[in-house]
């Protein structure tokens, strides 16, 4: 992190930016010539906090010893839920994922972990018999399964943010929900696997829209087959990750089902929300996936005018307030990359690693693929620390 005395003066910065803007010069190259980086630049209203938030703990501080309880991940993405269950002591036997890039990331971080997905397998849960056979023959999974199934079916059909990328008169603007032929019915595929293997506990994660879109009618209907075979299912609950130690405001819906009669009691929220300043106070220069974007001088001239929490409407990016949890890390579309917010102290967008820290990924967790798709992986994930809190509660309530 560049300390306050290492920032160049506002006069020097403005002169450099104007020179680049007026003469169509590449700002990145001019900074390198001067022995500077984007982190030497400042906002007009610049103040770096010297406060340390004593209550902040990263997920590395929570790791539990292995409890030997097996778990299987569905719709695994880049592994947010997998990490949470891993750190809570569960033994992740397999991850099932349809996207090859996400599979590459899972394999890079869990080389001894079975990943059911491209290129060896489609990873598509619609191929029920194929995946079911792998679970039975390769892993020896039997019914009833005494471990945990966890997963979040793709949420785009239920997401407000995903559909607001389109014009209001575009058919895609309206949330399709369960009527989306490609993704809206994947919850039913997950339910089928629960019916077949009867895990002791299952977890479902999604955006709040999966319940809001029709007052929960279709979601309740989709879960009826599980109640008929004896599952006790918690009422869907929307959690804000910031209430559980994650330095980011992020709303996600969770529900937990169990073959026991005891319905799941969600973990208690923290007394205080965690501000994001700790993410930006810790050293990051040597970490993987920390490549920052090379902004133009024109962009920096706009960004440097922003106060904490203000938005640059042209670039649709917000300067984070370090004294509050971050705004939600954005995934972007399935065919493109996500985008990040603006650093609170330097007028630039965040790197993938900084965004991953806001999501509470461990610093040693590596994301594969081009930077734009790394942002997608980070932004699509359940914050691992939130996943840990739920997994640890599952262990304490049903297995301890």
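The values are calculated or read from the model by the stated rules, or taken from the named source; none is laboratory data. Given the structure is predicted, the values throughout are model-derived calculations rather than measurements. Counting neighbours? That spans all protein chains shown, and the Cβs are built from the backbone with ideal geometry, glycine included.
With respect to the conditions (1) exposed (fewer than 14 other Cβ atoms within 10 Å of the Cβ); (2) modelled with pLDDT of 90 or more; (3) within 30 Å of residue 146 (Cα to Cα), residue 291 lacks only one, and its number is (3). Say we look at segment 309-323 and pick out the residues that are in a loop (DSSP other than H, G, I, E, B) and in contact (Cβ under 8 Å) with a residue 60 or more places away in the chain; which of these is farthest from the chain's Cα centre (by Cα)? Looking at residues that are in a loop (DSSP other than H, G, I, E, B) and in contact (Cβ under 8 Å) with a residue 60 or more places away in the chain, I get 323.
If we scan segment 29-52, do we find a residue that is at pLDDT 95 or above, more than 30 Å from the chain's Cα centre (by Cα), surrounded by 14 or more Cβ atoms within 10 Å (Cβ to Cβ) and farther than 29 Å from residue 247 by Cβ? Yes, there is a match, as at least one residue in segment 29-52 is at pLDDT 95 or above, more than 30 Å from the chain's Cα centre (by Cα), surrounded by 14 or more Cβ atoms within 10 Å (Cβ to Cβ) and farther than 29 Å from residue 247 by Cβ.
Of the residues that make up segment 257-266, is at least one at pLDDT 95 or above, closer than 19 Å to residue 42 by Cα and assigned to a loop (DSSP other than H, G, I, E, B)? Looking through segment 257-266, none of the residues is at pLDDT 95 or above, closer than 19 Å to residue 42 by Cα and assigned to a loop (DSSP other than H, G, I, E, B). Within segment 3-25, if we keep just the residues that are under 33 Å from the mean Cα position of the chain (by Cα) and assigned to a loop (DSSP other than H, G, I, E, B), the residue that is nearest to residue 303 (Cα to Cα) turns out to be 7. Please go through segment 263-272 and give me each residue that is in contact with a helix residue (DSSP H, G or I) (Cβ under 7 Å, 6 or more places away or on another chain) and under 23 Å from residue 193 (Cβ atoms), ordered by number. Once the filter is applied, which keeps residues that are in contact with a helix residue (DSSP H, G or I) (Cβ under 7 Å, 6 or more places away or on another chain) and under 23 Å from residue 193 (Cβ atoms), segment 263-272 yields only 264. Within segment 268-287, identify whether any single residue is closer than 28 Å to residue 374 by Cα and free of Cβ contacts under 8 Å to residues at least 12 places away in the same chain, and answer yes or no. Yes: one or more hits.
Being in a helix (DSSP H, G or I) and more than 24 Å from residue 57 (Cα to Cα) is true for just one of 299, 355. Which residue is that? Within the list 299, 355, the selection yields 299.
Of the residues making up segment 138-161, those that are at pLDDT below 95 and either under 24 Å from the mean Cα position of the chain (by Cα) or in a helix (DSSP H, G or I) (or both) are 152, 153, 154, 155, 156, 157, 158, 159, 160, 161.
Residues in segment 111-158 that are crowded, with 19+ Cβ neighbours inside 10 Å and over 30 Å from residue 397 (Cα atoms): 117, 123, 156, 157, 158.
The residues on offer are 367, 375, and the sole one that is part of a loop (DSSP other than H, G, I, E, B) and not assigned by TED's automatic domain parsing to the domain that holds residue 242 is 367.
Here residue 283 clears all of (1) at pLDDT 95 or above; (2) in a loop (DSSP other than H, G, I, E, B) except the condition numbered (1).
Residue-level check: of (1) modelled with pLDDT of 80 or more; (2) more than 25 Å from the chain's Cα centre (by Cα); (3) within 17 Å of residue 253 (Cα to Cα), residue 225 misses just (3). Could we say that residue 346 is touching a strand residue (DSSP E or B) at 6+ places or on another chain (Cβ under 7 Å) and either crowded, with 24+ Cβ neighbours inside 10 Å or outside any helix (DSSP H, G or I) (or both) here? It is false that residue 346 is touching a strand residue (DSSP E or B) at 6+ places or on another chain (Cβ under 7 Å) and either crowded, with 24+ Cβ neighbours inside 10 Å or outside any helix (DSSP H, G or I) (or both). When the test is whether a residue is under 15 Å from residue 289 (Cβ atoms), in a loop (DSSP other than H, G, I, E, B), under 13 Å from the mean Cα position of the chain (by Cα) and not assigned by TED's automatic domain parsing to the domain that holds residue 75, residue 340 passes it. Screening 247, 208 for residues that are farther than 23 Å from residue 72 by Cα and buried (at least 22 other Cβ atoms within 10 Å of the Cβ) leaves exactly one candidate, 247.
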